[in-house]
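> Sharing a structure here in structure tokens format.
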Amino acid sequence: MIKTDTLVIGAGPVGIFCVHQLGIIGLKSEVVDNLDKIGGQCIELYPDKPIYDIPAVPDCTGEELTNNLIEQIKAFKTNFHLNERVEEIKKVEKKWITKTNKGTEFESSSIIIAAGVGSFEPRKFSTKEIDKFVGKEILYSIRDKTVFKDKTVCIFGGGDSALDWAIELSNTSKVILVHRRDEFRGMQASIDKVTQLKEEGKIKIYTKYQLDAVQGSEKVESISIKHDDKTIKEIKTDYVLGFFGLIMQLGPIADWGLNLNKKTIPVNTESFETNKEGIFAIGDICSYPGKLKLILSGFHEGALAARGCFKYAKPDEKYRFEFTTSSKIVKDRLGVKE
Amino acid sequence: MPKITYISSEEKITTIEVTNGLTVMEGAVQNDIQGIDADCGGGMACATCHVYVKDDWYDKIPKKTDGEEDMLDMAFEPNKSSRLSCQITVTDELDGLVVKMPSKQG
């Protein structure tokens, strides 16, 4: 059991900055995120795209913003529990006990939910009756590429993951790439490479096709793909890989009794506390009159939520407002040397 | 005000008036029409406001950008009449537009 003052759910920009706000008022925090890296939507959806509305930063990319935020909280040596999704919470006396899907347990006096629109999970095929093959021959991520050696692999998708794996696996496997339209949306170098491999006969490409059906009893034997013009083609394959990007799913948070409204959690605007004592919500996931889904709004929400957590972490102390510019205590917490 | 018709995947038909300048997505969300989630709030970053535009209307509405086409790759069951409703701005010319929602978003 990991004991901390505040558990932050979500390692997006708002969650990270909230760690800073908790840190400067002397609260310890731990962060959980289902992605394999810190940064949330900034790093997953638009690492290279510029953001123009961070105050005092005329422009920066999602990745730069994330790296700067990580730099800003360095002094607090916060633990990030990545690749983990929070599954359940329960209140035991005055503490919240939180458990993740990997079995990690936290005990904290407060929880701040900064989960955006939910945790990222792979988008799946919509084809019916394929469930029994998923995780065996139908995969949405690759853990061990050696299983594909000398096999036929059918890859679906048109982005970087699909292209990168098509290139990589073409060294050891027979690769068929299927995409729903003629254009691919990966990096130009990858598109060029795939085109070259196609010309060399190392990759087969079918465009304007989508998965229609999967045949096989014990394991996948072949698949049918359907063209825009409704014609169907059957392909023998050993594996089917789908790379359609990630979708955001709210997941277990929906079951925590937080009065969800249109996938958002209502909060008060004084401390961003939810209907449950000690549970706060900030960033895209919270709602209140006038809510704007902007990163800058999330920073403000995190600053207030952190103060809201103070009384639960230190019930016998009074929170005192201080500036980072002038407070020696705050500067010590930030590791500032003078 | 232009009238926009939303047809759910169960064929439930709702016609509402949407103010010029709002998007087809905003029209749905503000009027509690189910079937359009718009998780990202209209930023063309999520593909959960995906709709099918009826053939006779598809060519009349402004063309999609590359960014929208890329995002549609990630929609649930996209086809050649797919659009993101956050990218269709309502104008007088769109009076009578009919869009159909997929059986789920994302």
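Derivation of every value follows stated rules applied to the coordinates shown; laboratory data play no part. In this text, all values refer to a predicted model and were calculated from it rather than measured experimentally. Please note: Cβ atoms are built from the backbone with ideal geometry, for glycine as well, and neighbour counts cover all protein chains shown.
> For region A:124-249, just say rounded, prolate or oblate: build the C-alpha gyration tensor, square-root its eigenvalues into a ≥ b ≥ c, call rounded for a/c under 1.5, and beyond that prolate if a/b exceeds b/c, oblate if not.
Details: a/c = 1.36, a/b = 1.23, b/c = 1.11.
Here region A:124-249 falls in the rounded category.
> Separate question: Quick check: the distance between the Cα centres of region A:24-71 and region A:86-113, to the nearest angstrom?
24 Å
> Zone of B:Asn31 (label point 7 Å along Cα→Cβ, backbone N under 16 Å): which residues in region B:74-106?
B:85-86, B:88-101
> Give me the extension gain from A:Glu200 to A:Ser271: residue separation times 0.36 nm, minus the current Cα-Cα distance, reported in nm with one decimal.
19.4 nm
> Counting pairs of alpha carbon atoms under 8 Å apart in space and at least six apart in sequence, what relative contact order in percent does region A:1-100 give? Each step should come with its number before you reach the end.
Values: 157 pairs, mean separation 29.0, N = 100.
RCO, region A:1-100: 29 percent.
> Please say if region A:200-322 is rounded, prolate or oblate, where rounded means a/c under 1.5 for a ≥ b ≥ c the square roots of the C-alpha gyration tensor eigenvalues, and otherwise the choice is prolate for a/b larger than b/c and oblate otherwise?
Details: a/c = 3.53, a/b = 3.20, b/c = 1.11.
Prolate, since a/c reaches 1.5 and a/b exceeds b/c.
> Then there's this: Give the peptides A:59-71, B:79-91, A:1-13, A:317-329 in descending order of average Cβ contacts within 10 Å, highest first. Don't skip to the end; give the middle numbers.
Details: A:59-71: 16.8, B:79-91: 20.0, A:1-13: 23.2, A:317-329: 10.3.
Peptide ranking by packing, descending: A:1-13, B:79-91, A:59-71, A:317-329.
> Now, a different point. What does the C-alpha gyration tensor say about the overall shape of chain B? Classify as rounded when a/c is under 1.5, otherwise prolate if a/b is larger than b/c, or oblate. Walk me through the numbers on the way to the answer.
Values: a/c = 1.35, a/b = 1.22, b/c = 1.11.
Rounded is the answer for chain B, as its axis ratio a/c remains below 1.5.
> Still on this model: I need to check one value: relative contact order of chain B, counting alpha carbon pairs closer than 8 Å and at least 6 residues apart, in percent. Mind dumping the intermediate values first?
On the way: 221 pairs, mean separation 44.7, N = 106.
Here the relative contact order equals 42 percent.
> Give the aspartates and glutamates whose C-alpha is closer than 12 Å to that of A:Lys77, dropping any in the same chain fewer than 8 places away, or say none.
A:Glu30
> In peptide A:120-126, what is the residue-averaged number of other protein chain Cβ atoms found within 10 Å of each Cβ?
Mean inter-chain Cβ contacts per residue within 10 Å come to 2.
> Shielding of B:37-48 by partners, i.e. mean partner chain Cβ atoms within 10 Å per residue?
Details: counts 4, 3, 11, 7, 6, 1, 4, 0, 7, 7, 4, 4.
The shielding value for this peptide is 5.
> Which number gives the lysine pairs in region A:88-139 that have C-alpha atoms under 29 Å apart and are eight or more places apart or on different chains?
Taking region A:88-139 as the scope, the lysine pair count is 14.
> Order these by the 10 Å Cβ neighbour count, fewest first: B:Val24, A:Val220. Walk me through the numbers before you get to the answer.
Working: B:Val24 26, A:Val220 21.
Final ranking by Cβ density, sparse to dense: A:Val220, B:Val24.
> While we're looking at this one, here's another question. Ignore the peptide's own chain and count Cβ atoms of other chains within 10 Å of each Cβ in B:62-69; give me the average, rounded.
Details: counts 0, 0, 0, 0, 2, 2, 0, 4.
Other-chain Cβ atoms within 10 Å of each residue's Cβ, averaged: 1.
> Can you give the extra length, in nm with one decimal, that the chain gains between A:Tyr319 and A:Ile2 once fully stretched, where that is 0.36 nm per residue apart less the Cα-Cα distance?
Roughly 111.7 nm would be gained on extension.
> Alpha carbon centre of region B:52-106 versus region A:310-338: separation in Å?
If you average the Cα positions of each part, the centres end up 51 Å apart.
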